[in-house]
Amino acid sequence: MKITAAAAVLMSFAPSLGFALVGNDWSFAKAPVDGLKDITFPFNMAKAPHKSGFYFAQQFNFHGIKDVGYTGLQPREDQNGKSIVHAAFSSFQAGATTKHRNCHTGADGGPGVSCAVDIKGNYRHTYNITVENIRGTTWRGTLIDTVSKKPTVIGEWTLPQGAGKIVNGQVGFVEYYTWNGQPSHTCDSLPYTQAVFNHPTTKTKGARGGKVTKVYEYGDCVGKAGYVVKKRSTGYDIKVGF
Ligand SMILES: *[C@@H]1O[C@H](CO)[C@@H](O)[C@H](O)[C@H]1NC(C)=O
């Protein structure tokens, strides 16, 4: 699911925006006015069951263009006894292009580019996802196991002319995408999951103080989704489901 800037503003008033369950705001206390040339979002899924269905994501948008990008992790079923970590990196921008083998045109049935990779992973490890400008209006998403330090490129896409750097401040979400497009569900049938959204960082000169500033429940299961959030020094530990 994508949360548009307008929707993000309306979020606290809207009764429902699909099956995103928890939102978060992130921003840097200080950042250059023209934006960030890179950003790193660390996630930890140590307590998440190894089952498909949830998406732990952070969004970002760019100066000079309209539509957002997002990146994040999804748990997967084990394969041959090995844990699988799925990482996604997408743009909803019309006119975005890609030649990367992990990517294809289109995002959630609309314009844009979607990239994804599955790796054999270790859920106890924190994974960083770095979004960085590599040239012109081309951006790369890289998954980094912070324990082994091993990087895996998720994908690369090129935004249309006029796209600038990353705007300081956006939102993220926990979504149960299994329910997307389903006419009905009961909130108490939401499976349990848990993930830590750590504070973002950047190497951009003049930027500092990256934080997940706020975490909140939203959508149509507010108060009924088993939501528990705990603030940690590194970010927020978010639990939903039963
Ligand atoms: C992961 O991100 C954190 C926070 O940005 C950073 O301190 C750490 O060095 C990164 N780890 C790796 C292996 O890149």
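Counted as qualifying within segment 194-242 are the strands (runs of 3 or more DSSP E) with 1 or more residues that are touching a Ser or Thr at 6+ places or on another chain (Cβ under 9 Å) and surrounded by 12 or more Cβ atoms within 10 Å (Cβ to Cβ), namely 208-217, 235-240.
For Glu156, the criteria (1) over 22 Å from Val85 (Cβ atoms); (2) touching a residue at least 12 places away in the same chain (Cβ under 8 Å); (3) among the charged types (D, E, K, R); (4) part of a strand (DSSP E or B) hold in every case but one, which is (1).
Of the residues making up segment 99-135, those that are touching a residue at least 40 places away in the same chain (Cβ under 8 Å), part of a strand (DSSP E or B) and either within 16 Å of the ligand (Cβ to nearest atom) or in contact with a helix residue (DSSP H, G or I) (Cβ under 8 Å, 6 or more places away or on another chain) (or both) are Thr126, Tyr127, Asn128, Ile129, Thr130, Val131, Glu132. For Gly141, the conditions (1) out of contact with any Asp or Glu (no Cβ under 6 Å at 6 or more places or on another chain); (2) more than 16 Å from the ligand (Cβ to nearest atom); (3) outside any loop (DSSP other than H, G, I, E, B) all hold with the exception of (2).
If only residues of segment 40-62 that are more than 18 Å from Arg140 (Cβ to Cβ), more than 16 Å from the ligand (Cβ to nearest atom) and not charged (D, E, K, R) are counted, the one that is surrounded by the most Cβ atoms within 10 Å (Cβ to Cβ) is Phe54. Which residue, of Cys187, Cys221, is touching an Asp or Glu at 6+ places or on another chain (Cβ under 8 Å) and hydrophobic (A, V, I, L, M, F, W, C)? Answer to the check: Cys187.
Hey, any hits in segment 139-159 for a residue that's of a type in the set (A, V, I, L, M), closer than 23 Å to Ala31 by Cβ and out of contact with any helix residue (DSSP H, G or I) (no Cβ under 9 Å at 6 or more places or on another chain)? For segment 139-159, residues of a type in the set (A, V, I, L, M), closer than 23 Å to Ala31 by Cβ and out of contact with any helix residue (DSSP H, G or I) (no Cβ under 9 Å at 6 or more places or on another chain): present.
Among the numbered conditions (1) among the hydrophobic types (A, V, I, L, M, F, W, C); (2) at pLDDT below 95; (3) touching a Cys at 6+ places or on another chain (Cβ under 6 Å), the only one that Cys115 does not meet is (2).
Checked across segment 166-173, the condition of being among the β-branched types (Val, Ile, Thr), more than 13 Å from the chain's Cα centre (by Cα), modelled with pLDDT under 95 and more than 16 Å from the ligand (Cβ to nearest atom) holds for no residue. In segment 177-229, the qualifying residues are those that are within 16 Å of the ligand (Cβ to nearest atom) and under 24 Å from Asp108 (Cα atoms), and the one that is nearest to the chain's Cα centre (by Cα) is Phe197. When Lys149 is tested against the conditions (1) in contact (Cβ under 8 Å) with a residue 60 or more places away in the chain; (2) not in a strand (DSSP E or B), the lone failure is (1). Evaluated against (1) under 17 Å from Leu73 (Cα atoms); (2) crowded, with 18+ Cβ neighbours inside 10 Å, Ala163 falls short on exactly one condition, (1).
The values are calculated or read from the model by the stated rules, or taken from the named source; none is laboratory data. Just so we're clear, the structure is a prediction, and the values are computed from it rather than from any experiment. FYI the Cβ positions are ideal-geometry reconstructions off the backbone, even for glycines, and counts take in every protein chain you see.
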